[in-house]
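The values are calculated or read from the model by the stated rules, or taken from the named source; none is laboratory data. Every value quoted in this text rests on a predicted model; they were computed, and no experiment measured them. Don't worry about glycine lacking a Cβ; one is built from the backbone with ideal geometry, like all the others, and counts go over all protein chains shown. Side chains included, ligands, DNA and RNA excluded: accessible areas come from the protein's heavy atoms. Shrake-Rupley method; radii C 1.70, N 1.55, O 1.52, S 1.80 Å.
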Amino acid sequence: INFGGKYQLSFGLSFTGYQFRIDDEDALILDPGDPLLNSNKKNFFVPDANAGVYFSGYGFYSGLSITELFGSSIKLGANKFENYETLRHFQLIGGYKFAVSSQVYLEPSFLARATIDRAELDLTTRIFYQKNYWLGVTYRTHQTLAFMAGFSIQEFYMAYAYDASMGALQTYGGGSHELMLGLR
């Protein structure tokens, strides 16, 4: 929905489905009388949905999305031994790109993600040169730094990011690399 050519409000909705199957044909079964494995139901279809809203205009943007909206569950076995539920994921995003000079733009932004038992916040700053080249850094609340760089040529863009853990995971891995190719 456009508001006088200055602002835009967008909505999204998607429906998804997950197919699960227990394949115990080649499994080493310690208890052949296990009622969970002897139940007739070994295939599960779980429906779900995602929804979001996004508002933008004049360098400002914000959005809210919810995935696994139904919080669907899988009950294993004839007697419903275990009940596994998908957790709703909430994402809140916001940012603003403003001109520092005629060719340099600064864009601070945030991304907050949460489930019922965990929350995480990303604070990002990107600096753009001529709107086509950019560098950025992100701090993630679980002790991660991400460094990124990218460029665009007309409607195509390419970017690279490196995530470096500063916490306990630092001793087990050297970080992760991400390469992005896009079309707008």
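Here are the numbers for the structure shown:
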{"quantity": "Meets criteria (among the hydrophobic types (A, V, I, L, M, F, W, C), open to solvent by less than 50 Å² (accessible area, probe 1.4 Å) and in a strand (DSSP E or B)) for residue 148", "calculated": "yes"}
{"quantity": "Looking only at region 18-29, and only at residues there that are among the acidic types (Asp, Glu) and open to solvent by 100 Å² or more (accessible area, probe 1.4 Å), the one that is farthest from residue 73 (Cα to Cα)", "calculated": "26"}
{"quantity": "Positions within region 2-17 being in contact (Cβ under 8 Å) with a residue 40 or more places away in the chain and open to solvent by 50 Å² or more (accessible area, probe 1.4 Å), in sequence order", "calculated": "3, 6, 7, 8, 11"}
{"quantity": "Residue, least open to solvent (accessible area, probe 1.4 Å), within region 100-118, restricted to residues that are more than 21 Å from residue 148 (Cβ to Cβ) and out of contact with any His (no Cβ under 7 Å at 6 or more places or on another chain)", "calculated": "114"}
{"quantity": "Test for residue 92: is it at pLDDT below 95 and not in a loop (DSSP other than H, G, I, E, B)", "calculated": "no"}
{"quantity": "Filtered residues of region 127-138 (kept if at pLDDT 95 or above and either within 20 Å of residue 113 (Cβ to Cβ) or among the charged types (D, E, K, R) (or both))", "calculated": "136, 137, 138"}
